[in-house]
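Have a look at the structure below, then the notes.
The values are calculated or read from the model by the stated rules, or taken from the named source; none is laboratory data. Note that the coordinates shown come from a computational prediction; the quantities given were computed from them, not determined experimentally. FYI the Cβ positions are ideal-geometry reconstructions off the backbone, even for glycines, and counts take in every protein chain you see.
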Amino acid sequence: MSLEFAKPSPLWWEDVPIGPAHPPLTEDLQADIAIVGAGFTGLWTAYYLKRLDPGLDVVVLEREHIGFGASGRNGGWCHPEYPLGLATLAFRHGEAAALRFQRAALDAVGEVGRVSEAEGIDCRYALGGRFIAARSALQAERARADVEEQHALGLGEEDVRYLDAAEARALTGMTNVLGASFMPRAAALQPALLVHGLARACERLGVRLFEATEATAIETGAVRFRSQGGAGTVRARTVLRATEGYTRDLAGEHRTLIPLYSLMIATEPLSDEQARSVGFQDRQLFADYGHMVIYGQRTTDGRVALGGRGAPYHFGSAIRPEFDQDEVVHGHLAKLLIDLFPELDGVRITHRWGGPLGVPRDWRPSVTYDRATALGHAGGYVGDGVALSNLAGRTLAELVLGRTSERTDLPWVQHRWPRWEPEPLRYVGVNTGLWLTRSADREEARTGRPSPRAKLGNRLRGKVA
């Protein structure tokens, strides 16, 4: 399967205007609240601030264009996953707190759909569920244990259930499927349409958006910025950061979050026969129980969009346009597509792209607001931000306004991230961890037994419970 003629940009961008649609900020400005970053987190926060207090003057600054980062490039997985799993939350905060978080995350999946409908955002939201396949006996054990663990922590069969081989194969023609876990409340969507629609909804509420405007420093009461038209300061009583993988560009934040790349491919529209061979007729999200993360969905125009981790971490937390293309990882995804769905052999890959995720040292997302400094931030979703950013934005808005709700004391609120190690330690550690994770999948396929490399790889990458 050739990647030679694949367009090197996100499939999702075909449906939205690319490039700044709002003017840059060129002079000093005063506002009640300044938000840095016009992705999901920044825009959801602005949206709920204006919903809760319509009189607020809210300004959002974006260095590139709306949805330029992970919000416009991701796999469209609107699902309620905590990056380290529900059991980690229960271990650290107790079962009751963990279950409340999971219920709030499940509600966020529905909230994205409700707001999209109310605001006329046609983001192609489809509540088909999330299917994680077990493609070996070892993965089947892992899937059963995963479901049993979630049930033990308080979720029911209506929240997540184990599918045996027959039930799983009724949903998909994916090869070697021995079982699966299935979560009904998860949705596929078109992320670029969602983020652009959300920006329009914010504007209708009176939010002021400025693109091509780079925040260079955030401090109490102010955001320093520069643009092609000039430089200056936005004065605001509250300043919020929503910059994810690009946080490393702000003064003093180089070791707060590191950018790890995730890459994707998309096929041409499938024939009816090919589509039947793939299955997932309700656009179920799909993945497997391998250690190296993969994720896919069926699009409304009949394609398969497939993504995966595995691209290297770049020294010094570097982010460059050329990193969006990786022959090895994109080639692996193309081979994986045929391994999963052999009937797609010969299907043309039309798009290939990538982008950085924001990864904290402990892999734990956070919503934080300091009332004394009136500074706050949210993020660190490690790729699970489509639904969690909605919950985060809603929560951050309530914290800023001093509201109390069932969200404002969830276990991720006021979580402080440890800083990443200086170079070259993080370069060596993260990339060694990635290599160990990849090799753990190969070892398990060969031996049929759990690989200790997976746990060591996670530890080196910072992914520890």
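Below, the figures for the structure above:
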| read-out | value |
| --- | --- |
| Positions within region 295-318 being surrounded by fewer than 21 Cβ atoms within 10 Å (Cβ to Cβ) and either within 18 Å of Ala134 (Cα to Cα) or aromatic (Phe, Trp, Tyr) (or both), in sequence order | Phe315 |
| Close pairs (8 angstrom Cβ cut-off, 6 or more residues apart or separate chains): among the charged types (D, E, K, R) in region 1-22, surrounded by 14 or more Cβ atoms within 10 Å (Cβ to Cβ) and assigned to a loop (DSSP other than H, G, I, E, B) anywhere | Asp15/Gln190 |
| Strands (runs of 3 or more DSSP E) contained entirely in region 198-289, each with at least 3 residues that are more than 23 Å from His65 (Cα to Cα) | 285-288 |
| Residue in region 431-444 that is out of contact with any helix residue (DSSP H, G or I) (no Cβ under 7 Å at 6 or more places or on another chain), surrounded by 14 or more Cβ atoms within 10 Å (Cβ to Cβ), among the hydrophobic types (A, V, I, L, M, F, W, C) and under 30 Å from Val60 (Cβ atoms) present | no |
| Count of region 65-84 residues which are in contact (Cβ under 8 Å) with a residue 60 or more places away in the chain, more than 18 Å from Ile132 (Cα to Cα) and surrounded by fewer than 24 Cβ atoms within 10 Å (Cβ to Cβ) | 1 |
| Tally of residues being assigned to a helix (DSSP H, G or I) and out of contact with any Asp or Glu (no Cβ under 7 Å at 6 or more places or on another chain) across region 290-329 | 8 |
| Those residues of region 9-52 which are under 20 Å from the mean Cα position of the chain (by Cα), part of a loop (DSSP other than H, G, I, E, B) and surrounded by fewer than 24 Cβ atoms within 10 Å (Cβ to Cβ), in sequence order | Ser9, Val16 |
| Residue within region 409-418 that is buried (at least 21 other Cβ atoms within 10 Å of the Cβ), farther than 25 Å from Asp57 by Cβ and either under 16 Å from the mean Cα position of the chain (by Cα) or in contact (Cβ under 8 Å) with a residue 12 or more places away in the chain (or both) present | yes |
| Scan of region 116-146 for residues that are closer than 30 Å to Lys50 by Cβ and out of contact with any Cys (no Cβ under 6 Å at 6 or more places or on another chain), ordered by number | Glu117, Ala118, Glu119, Gly120, Ile121, Asp122, Cys123, Arg124, Tyr125, Ala126, Leu127 |
| Counted residues, region 341-352 - those being buried (at least 23 other Cβ atoms within 10 Å of the Cβ) and either acidic (Asp, Glu) or closer than 16 Å to Arg309 by Cα (or both) | 1 |
| Counted residues, region 126-148 - those being of a type outside the set (Lys, Arg), assigned to a loop (DSSP other than H, G, I, E, B), in contact with an Asp or Glu (Cβ under 8 Å, 6 or more places away or on another chain) and under 23 Å from Gly76 (Cβ atoms) | 2 |
| Of residues in region 143-180 being within 24 Å of Gly113 (Cα to Cα) and touching a residue at least 60 places away in the same chain (Cβ under 8 Å), the one surrounded by the fewest Cβ atoms within 10 Å (Cβ to Cβ) | Leu155 |
| Filter result (surrounded by fewer than 20 Cβ atoms within 10 Å (Cβ to Cβ) and hydrophobic (A, V, I, L, M, F, W, C)) within region 319-333 | Ile319, Phe323, Val328 |
| Unique match (being more than 29 Å from Arg416 (Cα to Cα), small (Gly, Ala, Ser) and in contact (Cβ under 8 Å) with a residue 40 or more places away in the chain) among Gly221, Gly232 | Gly232 |
| Qualifying positions in region 361-409 - of a type in the set (Lys, Arg) and either in contact with a strand residue (DSSP E or B) (Cβ under 6 Å, 6 or more places away or on another chain) or more than 21 Å from His93 (Cα to Cα) (or both) | Arg371, Arg394, Arg403 |
| Any hit, region 85-106, residues being touching a residue at least 12 places away in the same chain (Cβ under 8 Å) and in a loop (DSSP other than H, G, I, E, B) | yes |
| Residue within region 186-206 that is modelled with pLDDT of 95 or more, touching a Gly at 6+ places or on another chain (Cβ under 7 Å) and within 18 Å of Tyr289 (Cβ to Cβ) present | yes |
| Cβ-Cβ under 9 Å pairs, at least 6 apart or on other chains, region 347-361 side farther than 30 Å from Glu253 by Cα, far side at pLDDT below 95 and crowded, with 22+ Cβ neighbours inside 10 Å | none |
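Residues are listed down the side, and each one gets a yes or a no for (1) closer than 30 Å to Ala87 by Cβ; (2) among the aromatic types (Phe, Trp, Tyr); (3) touching a helix residue (DSSP H, G or I) at 6+ places or on another chain (Cβ under 6 Å):
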residue: Glu158; (1), (2), (3): yes, no, no
residue: Tyr162; (1), (2), (3): yes, yes, yes
residue: Leu171; (1), (2), (3): yes, no, no
residue: Ser181; (1), (2), (3): yes, no, yes
residue: Glu203; (1), (2), (3): no, no, no
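The rows are residues; the columns are (1) hydrophobic (A, V, I, L, M, F, W, C); (2) over 30 Å from Val60 (Cα atoms); (3) crowded, with 17+ Cβ neighbours inside 10 Å.
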residue: Glu141; (1), (2), (3): no, yes, no
residue: Cys202; (1), (2), (3): yes, no, yes
residue: Thr216; (1), (2), (3): no, no, no
residue: Ser227; (1), (2), (3): no, no, yes
